[in-house]
Every structure is written in C-alpha cells, then in structure tokens.
Amino acid sequence: MARLHELFWSFFKIGAFTIGGGYAMIPLMEQEIVDRRKWLGKEEFMDVMSLAQSMPGVFAVNMATNVGYKTRGAFGAIVAVLGNVLMPIFMILALAIFFRQFSDNAIVESIFKGIRPAVVALIAAPVFKMAKTAKISWRNFWIPVLAALLIWLLGVSPVIIILVAGLGGFIYGKIKDRKEAKK
C-alpha cells in the first residue's frame with residue numbers, strides 16, 4: 001500500500017520533471033508507479049492508462065486520480081493530484097510573469113525549437129512500449145494503424161474509434177469464449 005507522502009512526492013516529481021504534457025509523462029509514470037514503487041503491475045498500468053485517456057480532462061491528472069484512488073482511496077487521489085499539479089502551476093505562473101520579457105529572445109526561441117524533437121521522442125517511446133505490453137503483433141498491427149489513419153486522414157472522432165474498438169473487443173472475446181467452450 002502506498003503511503004500518502006510517497007504518493008505526493010512521486011506525482012510531484014512526475015509533474016515537475018516532464019516537459020511535453022501528459023503523454024510525455026508515460027515513461028516516467030511507468031518507471032515510478034510500476035518499476036520502482038510496484039503500486040501497479042504492467043497490465044494494470046495499461047488498464048489505468050486506457051481509462052485515463054478515455055476520461056474527460058487532463059491525462060496527467062486522470063492518471064494521478066486513478067493511481068491515487070487505486071492505492072489509497074479518495075484521499076490518495078486528492079494527494080496524488082495535488083502532487084501532480086503543484087509544480088506545473090508554479091512554473092506556468094513564473095513563465096507568464098517572465099515570458100513577455102524573453103519571448104523575442106533568439107536564445108529562448110532556439111531552446112524551444114530544440115525541445116520539440118525531444119518531446120516527440122518522449123511521446124513515441126511509450127507508444128512502442130505500450131504496443132509490446134498490449135501484445136500487438138503482426139497479426140493485429142492493422143488495428144492501431146487503421147485507427148490512427150481514420151483519425152488523421154478522415155477526421156473520425158477518437159470517441160467513435162474507442163467505442164467501435166471496445167465493441168469489437170467484446171464481440172471477439174465472446175466468440176473466443178464460445179470456441180474454447182466447444183473444445
């Protein structure tokens with residue numbers, strides 16, 4: 001069971017040291033929650049992450065809420081969320097106060113341009129790791145590719161993709177269960 005101060009500091013670190021938003025936090029979250037603290041297993045982490053992605057609101061806050069609640073109930077959820085949002089709030093306030101003075105500075109502009117590719121890598125790395133954990137193989141590789149293409153090229157709502165994928169998984173599970181029952 002997670003201690004409240006451990007929950008707070010774990011999510012404080014995640015919120016403080018992640019540049020690039022919620023999806024860039026995934027490797028740090030997995031390392032802290034699954035590998036280091038062992039609050040969740042890999043499969044359970046994937047389930048919580050899927051739930052957090054499908055919930056309205058900010059992904060990082062949804063993850064903190066779910067992990068905090070799973071480990072320590074409602075109070076754990078509150079503590080984890082506070083830990084997760086405190087440093088970003090202070091950083092945003094500081095940036096808002098000082099950014100106007102430096103927004104036209106060539107060095108600051110270069111720093112932000114340099115951070116962009118790193119953020120892309122931080123987001124891409126967990127995609128491959130999640131694919132491995134989700135047991136995506138060459139047989140079912142077409143599903144995430146098709147979903148991405150439908151969203152990107154045709155503008156299909158991710159909500160529709162999630163609903164259709166959930167329904168498809170449910171139907172597939174029922175068919176698989178019937179086949180196994182006949183054996």
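Each reported figure results from applying straightforward, stated rules to the coordinates on display, with no laboratory input. Only a predicted model underlies this, so the values are computations on that prediction, with no experimental measurement involved. Reconstructed Cβ throughout: ideal geometry from the backbone, glycine too, with neighbour counts over all protein chains shown.
A few comments on the model shown:
- Dimensions of the chain along the principal axes, based on C-alpha atoms and rounded to the nearest Å, stand at 70, 43, 25, largest first.
- At R0 = 45 Å, FRET efficiency that the Cβ-Cβ distance of ILE143 and HIS5 yields, to 0.05: 0.65
- Dipole of the stretch 61-166, positive direction: furthest Cα of PHE141, MET91, ASN66, with charges on the beta-carbon: PHE141
- In a fully extended conformation the segment linking GLU180 and ALA94 would gain 25.0 nm over its present Cα-Cα distance, using 0.36 nm per residue.
- Distance-filtered residues of the stretch 12-40 - backbone nitrogen under 15 Å, label point 7 angstrom along LEU86 Cα→Cβ: 12-17
- Stretching ILE171 away from MET55 to a fully extended chain increases their span by 39.5 nm, per 0.36 nm per residue minus the current alpha-carbon distance.
- Legend: ranking of residues SER10, SER103 from fewest to most surrounding C-beta atoms inside 10 Å; resulting order SER103, SER10.
- Exposure proxy ranking for ARG3, ARG178, based on other Cβ atoms within 10 angstrom of each Cβ and starting from the fewest, stands as ARG178, ARG3.
- Springs between Cα atoms under 10 Å define the GNM used for the chain, and in it the highest mean-square fluctuation of GLU44, GLU109, GLU32 occurs at GLU109.
- Estimated distance in nm for a label pair at ILE115 and VAL159, the labels positioned 7 Å out from Cα along Cα-to-Cβ: 3.2
- Of the trypsin sites (Lys or Arg not before Pro) in the stretch 126-174, those whose Cβ has at most 10 other Cβ within 10 Å and which sit in DSSP loop: LYS135, ARG139
- Mean Kyte hydropathy of 0.5 or more with a Cα span along the axis of at least 15 Å, helices from DSSP in the chain: 4-16, 59-102, 106-133, 142-154, 158-182
- When both the stretch 67-130 and the stretch 137-183 are represented by their alpha-carbon centers, they are found 32 Å apart.
- Using C-alpha pairs under 8 Å with a sequence gap of at least 6, the mean separation divided by the residue count of the chain gives a relative contact order of 25 percent.
- Low-density loop cleavage sites - chymotrypsin sites (Phe, Trp or Tyr not before Pro) in the stretch 39-143, where at most 16 other Cβ are within 10 Å (DSSP): TRP138, PHE141
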